[in-house]
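Below: one structure, written as structure tokens.
None of the figures in this text is laboratory data; all of them are computed from the coordinates on show. What you see is a predicted model, and the numbers here were worked out from it, not measured in a lab. Glycine gets a Cβ as well: all are built from the backbone with ideal geometry, and neighbour counts include every protein chain shown.
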Amino acid sequence: MAEKREHWGSKFGFILAAAGSAIGLGNIWKFPYIAGENGGAAFVVVYLICIAIIGLPVLIAEILMGRSTQRNPVGAFKKLSGSPFWTVVGGMGVLAGFIILSFYSVVAGWSLGYIFESIRGAFSNFTTATASGDHFNMLTSKLSWIIGFHGLFFLITICVVYAGVNKGIERGSKIMMPILVFLLVILLIRGLTLPGSNEGLRFLLYPDWSKISGQAVLIALGHAFFTLSLGMGAMMTYGSYMSDKDSIPGAALQIVLLDTVIALLAGLAIFSAVFATGQDPAAGPGLIFHTLPVVFAKIPGGHIFAFLFFLLLTIAALTSAISLLEVVVAFFVDERGWKRHQAVLVFGSVTFLLGIPSALSYNIMINVQIFGMTFFDLADFLASNILLPLGGFCISIFVAWIWGVDRALVKLKNGAEQFFENYQWRVTAWRFFLKYLSPVLIFIVLLQSMGLLTRIIDWITK
Ligand code: PHE
């Protein structure tokens, strides 16, 4: 059969790799703009609640399934249930991995391209977001630029995963994560020391409850999944390289804290600079690629900060892309007996090709619409709004009701004996959240994503 399974060199190595998976475009690109569009601080509060009551319990469940079975998502469900139905749920995770990575690497490619743009000082004379938006459109209309950077980003991802769990992913995370934190701190200090940055702080820290809508709550919950890499088995796969000695609740808590703190700091750095330079905080997905270059053009030393920012964004995206590719690779190694190197090269290339239509959605395929969406938007919608919440729903139902929360707790106790002794109430809370709260809330999000909820509410209130 397959080669011997690798394990993380240390618990710290696991935490950094898993935090690397969690911290990505979701934290630095998506979180600030959805917070900006949905009213700032009030949205942040709702998001934090979602992370605590749904994200954390499901994260623990996922890592536990991986560690207990020492398998990829398909193998994990197969081993614990023996039923083809649940095995399909694992397969859905692998599929989601393919899809997310295909469009994720397109945005990561833009970010990589923007590192070079900042080096050559391309942003220095932008005065309006329109000018900077035009520049973005000009770049993404060049086939060589868009496919080239998408490909380059893929190549780097493939190299890290190719080197293996210890020598590639763990070592890469140990180098990249401290750099990421360092870059973010520099950018934060720059943002907060700009005159007029207080407005940005106020925007992100003082809630205005009138701004919160039902839709915002659903977005917050959906994002909790995306940002913690939940619902498709990335954390399960990383958990499968863990040994029984390490505490899962402790590690999960640290991963969630790191992910949340980084998202908030990125939000603070970005909004303080956005407000200080009088830009629009609610610019949507274009906030990073349209609005920020103008901000960099306006602040002293913007040239260097632009470079540091896009380096930060690219590193964050890389440590997440690695985990996405690893899910697919682990599946082919565990279940199909492929050699790791072979799986990385074949599926790295396949996913790169799958990403090309997404990359072209900003180019020659801009008018190709499927269900009223471009290929890029469709891939994003399918993965983030359907596959991830559906996966999260199935994982919590599976661990709580099929595998059984009591059996799961016996396994969870390994390596966490002290936690169980000192924090019995947290164990009780986990059981309750996973059995009742998470499935119900996720189910609601899922209905909404499919547009069903609004139809049901219309029907009831008619
Ligand atoms: N968590 C990553 C981010 O915030 C995205 C991701 C989702 C990575 C699912 C792996 C699996 O950008």
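Computed from Cα positions, the angle between helix 248-276 and the longest principal axis of the chain comes to roughly 10 degrees.
Can you check what the net charge comes to around T227, using other residues whose Cβ is under 11 Å from the Cβ of T227 (Lys, Arg +1; Asp, Glu -1)?
Values: positive: K30; negative: D259.
Around T227, the surrounding residues sum to 0.
Listing M236, M92, M65, M365 from fewest to most neighbouring C-beta atoms within 10 Å gives M365, M92, M65, M236.
Around A400, with a cut-off of 14 angstrom between Cβ atoms, what is the net charge of the other residues, counting Lys and Arg +1 and Asp and Glu -1?
On the way: positive: R407, K411, R431, K435; negative: E62, D406.
For residues surrounding A400, the net value is +2.
The loop-placed trypsin sites (Lys or Arg not before Pro) in region 274-358, going by DSSP, that have at most 13 neighbouring Cβ atoms within 10 Å of their Cβ come out as K339.
Taking Cα atoms only, the orientation of helix 452-461 departs from the longest principal axis of the chain by about 90 degrees. The Cβ shell under 15 Å around M365 holds other residues with a net charge of -1, Lys and Arg each +1, Asp and Glu each -1. Put simply, when 161-168, 182-189 are sorted by average Cβ atoms within 10 angstrom per residue, most first, you get 161-168, 182-189.
Using a/c under 1.5 as the rounded threshold, could you call region 174-217 rounded, prolate or oblate? The axes a ≥ b ≥ c are square roots of the C-alpha gyration tensor eigenvalues, and prolate needs a/b larger than b/c, oblate otherwise. Mind dumping the intermediate values first?
Numbers: a/c = 5.38, a/b = 1.57, b/c = 3.43.
Taking the square roots of the gyration eigenvalues as a ≥ b ≥ c, region 174-217 is oblate.
Inter-part distance, region 85-141 to region 356-433, computed on C-alpha centroids, equals 23 Å. Overall, the anisotropy analysis places region 328-456 in the oblate class: the square-rooted eigenvalues a ≥ b ≥ c of its C-alpha gyration tensor yield a/c not less than 1.5, with a/b not exceeding b/c.
Projecting the Cα atoms of M450, V274, V74 onto the charge dipole of the chain (Cβ charges, centred on the Cα centre) puts V74 farthest toward the positive pole. Treating the angle as unsigned and between 0 and 90°, give the value, to the nearest 10°, between the Cα long axis of helix 438-449 and the longest Cα principal axis of the chain. For 438-449 against the chain, the angle is about 50 degrees. Note on the chain: with charges restricted to the Cβ of Lys and Arg (+1) and Asp and Glu (-1), its dipole about the Cα centre is near 800 debye.
For an R0 of 56 angstrom, estimate the FRET efficiency from the Cβ-Cβ distance between V346 and L192 and round to the nearest 0.05. The computed FRET efficiency comes out at 0.75.
Over all directions, how big on average is the projection of the convex hull of the alpha-carbon atoms in region 1-91, in square nanometres? Before the final figure, lay out each step's value.
Working: hull surface 32.9 nm².
Dividing the Cα hull surface by four gives the mean projection, 8.2 nm².
Across the cross-link table entries K174/K435; K11/K211; K30/K211, which are compared at the Cα atoms, the separations over 30 Å belong to K174/K435; K11/K211. Close amide H contacts of M373 (hydrogens built in the peptide plane, cut-off under 5 Å, sequence separation of 5 or more or a different chain): none are found.
Could you put R171, R67 in order, starting from the residue whose Cβ has the fewest other Cβ atoms within 10 Å? With the fewest neighbours first, R171, R67 line up as R171, R67. Using the average count of surrounding beta-carbon atoms within 10 Å as a protection proxy, the listed peptides 213-219, 266-272, 238-244, 283-289 rank, highest first, as 266-272, 238-244, 283-289, 213-219. Would you list, by chain and number, the aspartates and glutamates whose Cα falls below 19 Å from the Cα of K298, excluding same-chain residues fewer than 8 positions away? In chain and number order, the partners are E117, D134, E199, D280. For the chain, the 222 nm mean residue ellipticity estimated from helices alone, with every DSSP H stretch of n ≥ 4 adding -39500 (n - 2.57) and the total spread over all residues, rounds to -22500 deg cm²/dmol. Only Cα sites of region 34-177 enter the Debye sum here, all with the same form factor; the resulting log10 I(q)/I(0) across q = 0.11, 0.13, 0.15, 0.18 1/Å is -0.72, -0.95, -1.13, -1.23, listed in q order.
Rg then Dmax, both in Å and based on the Cα atoms of region 281-327: 13.4, 43.
Using only the C-alpha atoms of region 283-381, find the volume of their convex hull and express it per residue in Å³.
Working: hull volume 13.5 nm³, N = 99.
Spelled out: Cα convex hull of region 283-381, divided by residues, is 136 Å³.
Summarising the overall dimensions of the chain from its C-alpha atoms, the Rg and Dmax are 21.4, 62 angstrom. Ranked by the mean number of other Cβ atoms within 10 Å per residue, highest first, peptides 381-394, 5-18 order as 381-394, 5-18.
According to the square roots a ≥ b ≥ c of the eigenvalues of the Cα gyration tensor, what is the shape class of region 48-110, taking rounded for a/c under 1.5, prolate for a/b larger than b/c otherwise, and oblate for the remainder? Before the final figure, lay out the partial values.
On the way: a/c = 2.43, a/b = 1.25, b/c = 1.94.
Here region 48-110 falls in the oblate category.
Panel order for I179, I99, by other beta carbons found within 10 Å of each beta carbon, from fewest to most: I179, I99.
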